[in-house]
Amino acid sequence: MRNYLKNNQGITLVELIAALALVSMVAILIMTTLGIGFKHSIAEANKTSTQQEANLIVSKLLNEHRKGECYFIKQGGSPNNLKIMAAPSLCTSPSEPTTGFKDISSSGYNVTLTSASKMINPIKEDYTLVAEVSYKKAKYQINTKLTRYKTTN
Amino acid sequence: MKYVNNHKGYALLLVLLLVVFFVGLSAVFVAASFNNAQQERTVDVRNQSVVAAEMGIRYNINNLLNEIKILNQDYKNFMNTSLNTLVDKATAVTTAKDNNLPLPTGISTAACNVFYSSTHINAWIDCETKEIEKAGLDMYISEVNRVYTDLAPQENRIDSKTKYELMPLAINPVFNEVSRQIEIPLAVQGKQNTSAKTLNATLIVTIPDHTSESNDIVIKTILSEKETVDRIFIPPNDNTSICPAEASAMTSGVCKYTGTSLESYLASLPDPSKVSIKVDDLCYAVEDKTKCNLNSLDGSGGTVYIKPSNQTLNVDNLNNLQDISMYVDGDLIIKNSNSADNNTIVSRSYSFHVSMNLTNSNLVVLGNVNKTGYIDWKSTGQSVTVSTNSKMCINLNGINLANSSDLTDPSILSNNGKLILYPGRIDMVKLPAAVEGKIIYMNDFVAFLNECNVNTSGLPEGHSMKQFIDSTTEIEAKVDYGK
């Protein structure tokens, strides 16, 4: 060690250039790999997030459905009208209630309801929910049936 | 130390570090992915447990439904048998009443004994019907309780990880008397792995009810002859109102006339056929209280109900009586009457002191329950002629033939006049033999009255009894999914 420290000889320019070139190449390789990794990671995270939002929407609506009381489901919300909303409704009136709507989907997600916007009587009928959830560039299609035990006669 | 101070092997170290770095990075991604998968699995398992519980609810409700279908059949049979037995009992009672026999003993339930007498038969039938309904309901409810108790807590396995279980319940079925509904509570727990979900269900069974009045059984001739006769002398839809002073105001219904010019009052009525007039004293109401000269009395097609205070209506002159229906709740004794045209005269007893010629008229003698009624003309040496389109109708159960004129006298009938007698007899003393179209014996009292143009619209058609018919039981299941 002492010999090494007391050694006055440096490295040559060629050696330096070669070393820099090698380090640069390795750095580029690493950066590229990391960049691609992060990009995929973000995309995957968005996708997961979208899926989780879709699961949340289904769970919330299923809870609403299983209460057994009539409710109205529609496209709405602000901004941009890209939410699913639901409100308690009179079973006798199929028209849209004027008040009582609450958001089913969360902010930041764009949700488009493609199944019918209507009054649902859970003890008489199932509801086939079709909707598209998009978050940034990720998209997820919900296609499920909300069911509960129906009144028998 | 020498090894540490060695400068060789940096590349290996670098590579190892890089490997560790990348492995660490990918581990983060994998963990995130696993986390998401775990979430999905949790949701799935929870949903599976809910579905298992739903399956259990459906299984148990179907079980109960099958039991209730059998129970409905039993209930229907019980009700039909009980009601039919009651109809038989009621018919036996009516028959006894009709024949003036003592009511059969031992057919009333203790609860209804208080109504079981010849005067409260309808109330007794209603009471017995209620008792049957009560017994039916009690049977239904106790059977439901039995079925419910038989649903012992049970566990059904769908697969190695999934099962549902009927939970024991402390609450018994609840019966709502007003809506006739029994609420049967059920709690079923669905399980998958460690996830469990309990659903609370209420099965609402509506006990089948009777049909509407239109389908009820009507027990005919529930009134005894005595009651029927008594009702004939009361106007249909009777009331206590006094006739308005202006006859034009009396368009229909019943009223009591208190004036003294009944004949002109009847003539002034807008439609005398729709009005029934009640009077206490016919003589006073028509004209003359003391002499009772009612010659040429024209009723204009009206109906007069007379209830003499001393059970006897004595009329001095009733010549040329026409166009009137008279119901005299007592004995009608007429001193002078020569002819009557287009009348219906109904009384308990009848006595003529002069000869009488009836045309287009009905003379009806209904008598009394103690058979003291009479129809008499011969004792005063006179005769009666039932002539063109006329009928003389006599309730033989109400009159004493010994105090009556000889009905076998062939001179009674003339032209197409008819003698109609109720009921047919074996003992034919003082009675003429039946002659087709002329002397007719009838055995149905109400038909006899109708044949003689007596207004029977005030008679109840019978006492209606509820009948049990097939009906679909309303069964509804409510399931509470909780929070």
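Values quoted throughout were computed directly from the atomic coordinates according to the rules given, and no laboratory measurement underlies them. In this text the structure is predicted, and so the values were computed from the model without any measurement. Positions of Cβ are generated from backbone atoms using ideal geometry, with glycine treated the same way; all protein chains shown enter the neighbour counts.
Of all DSSP beta bridges confined to the protein assembly as shown, the antiparallel ones make up roughly 50%.
Compute, for the protein assembly as shown, the length of the dipole vector about the Cα centre, with Cβ point charges of +1 (Lys, Arg) and -1 (Asp, Glu) only. Units Debye, rounded to 20.
Dipole of the protein assembly as shown, to the nearest 20 debye: 5000 debye.
Candidate cross-link partners of A:LYS102 among the aspartates and glutamates, defined by an alpha-carbon separation under 15 Å and a same-chain spacing of 8 or more, comprise A:GLU64.
For chain A, modelled as a Gaussian network with Cα springs under 10 Å, which listed residue fluctuates most, A:ILE30, A:ILE104, A:ILE120? Looking only at A:ILE30, A:ILE104, A:ILE120, the biggest GNM fluctuation is shown by A:ILE30. Principal-axis analysis of the Cα atoms of chain B puts helix B:121-150 at an angle of about 10° to the longest axis. Ordering B:TRP377, B:TRP124 from the fewest to the most neighbouring beta carbons within 10 Å gives B:TRP377, B:TRP124. Counting neighbouring beta carbons within 10 Å and listing from fewest to most, the residues A:PHE38, B:PHE175, B:PHE445 come out as A:PHE38, B:PHE175, B:PHE445. Taking 7 Å steps out from each Cα toward its Cβ at B:THR194 and A:THR128 produces label points 3.8 nm apart. The Cα-based radius of gyration of the range B:225-459, divided by its Kirkwood radius, gives an Rg/Rh of 0.95. In chain B, taking the dipole from charged Cβ atoms about the Cα centre, the farthest positive-side position among B:LEU421, B:ASN80, B:SER404 is held by B:ASN80.
Approximating the spin labels as points 7 Å out from Cα along Cα→Cβ, the B:PHE22-to-B:ALA249 distance works out to 11.6 nm.
Sparsely packed loop sites in the range B:230-336 (the GluC sites (Glu not before Pro) outside DSSP H, G, I, E and B with at most 14 other Cβ atoms within 10 Å) comprise B:GLU246. To the nearest ten degrees, helix A:13-66 and the longest principal axis of the Cα atoms of chain A are 10 degrees apart.
Neighbour counting of Cβ atoms within 10 Å sorts the residues B:LEU16, B:LEU203, fewest neighbours leading, into B:LEU16, B:LEU203. Under 10 Å, Cα contacts only: if you run a Gaussian network model on chain A, which one of A:ALA27, A:ALA18, A:ALA87 comes out with the highest mean-square fluctuation? Of the options given, A:ALA18 has the highest mean-square fluctuation. The trypsin sites (Lys or Arg not before Pro) of the range A:109-153 that meet both conditions, a loop assignment by DSSP and at most 11 other Cβ atoms within 10 Å of the site Cβ, are A:LYS124, A:LYS137. Entry note, the protein assembly as shown: the mean residue ellipticity at 222 nm calculated from DSSP H runs of n ≥ 4, each adding -39500 (n - 2.57), is -11500 deg cm²/dmol after division by the residues and rounding to the nearest 500. Counting only the Cα atoms, the range A:13-146 fills a convex hull of 108 Å³ per residue.
Measuring against 21 Å, Cα to Cα, the residue pairs A:LYS67/A:LYS145; A:LYS74/B:LYS483; A:LYS60/A:LYS145; A:LYS118/A:LYS150 contain A:LYS74/B:LYS483 as the ones spanning a longer distance. If R0 is 22 Å, the Cβ-Cβ spacing of B:SER241 and B:ASN360 corresponds to a FRET efficiency of close to 0.10. In the range A:1-124, taking the dipole from charged Cβ atoms about the Cα centre, the farthest positive-side position among A:LEU90, A:MET25, A:ASN110 is held by A:LEU90. If you plug the beta carbon distance of B:ASP230 and B:GLU143 into 1/(1 + (r/R0)^6) with R0 = 30 Å, you get a FRET efficiency near 0.05.
Between A:LYS67 and B:ASP88, how high is the FRET efficiency from 1/(1 + (r/R0)^6) when r is the Cβ-Cβ distance and R₀ = 51 Å? Nearest 0.05.
Once the sixth-power term is evaluated, E becomes 0.40.
Checking the cross-link pairs B:LYS89/B:LYS307; B:LYS256/B:LYS371; B:LYS371/B:LYS430; A:LYS124/B:LYS69 against a 25 Å limit on the alpha carbon distance flags B:LYS89/B:LYS307; B:LYS256/B:LYS371 as lying beyond it. What is the local net charge at A:GLN51, summed over the other residues whose Cβ is closer than 11 Å to its Cβ (Lys, Arg +1; Asp, Glu -1)? Net charge around A:GLN51: -1.
Here the mean projected area of the convex hull built on the C-alpha positions of the protein assembly as shown is 53.0 nm².
Report the far tail of the P(r) of the range B:301-381, meaning the percent of Cα-Cα pairs longer than 17 Å. Cα-Cα pairs of the range B:301-381 separated by over 17 Å account for 42 percent.
Taking every DSSP beta bridge that has both ends in chain B, the antiparallel portion is near 35%.
A crude spin-label estimate for the pair B:ALA123 and A:LEU29, with each label 7 Å from Cα along the Cβ direction, gives 11.3 nm. Here chain B yields Rg over Rh of 1.45, to two decimals, using C-alpha coordinates and the Kirkwood radius. For the range B:340-465, the Cβ-based charge dipole about the Cα centre amounts to some 180 debye (Lys, Arg positive; Asp, Glu negative; other atoms uncharged). With K and R counted +1 and D and E -1, the other residues having a Cβ less than 14 Å from that of B:SER347 yield a net charge of -2.
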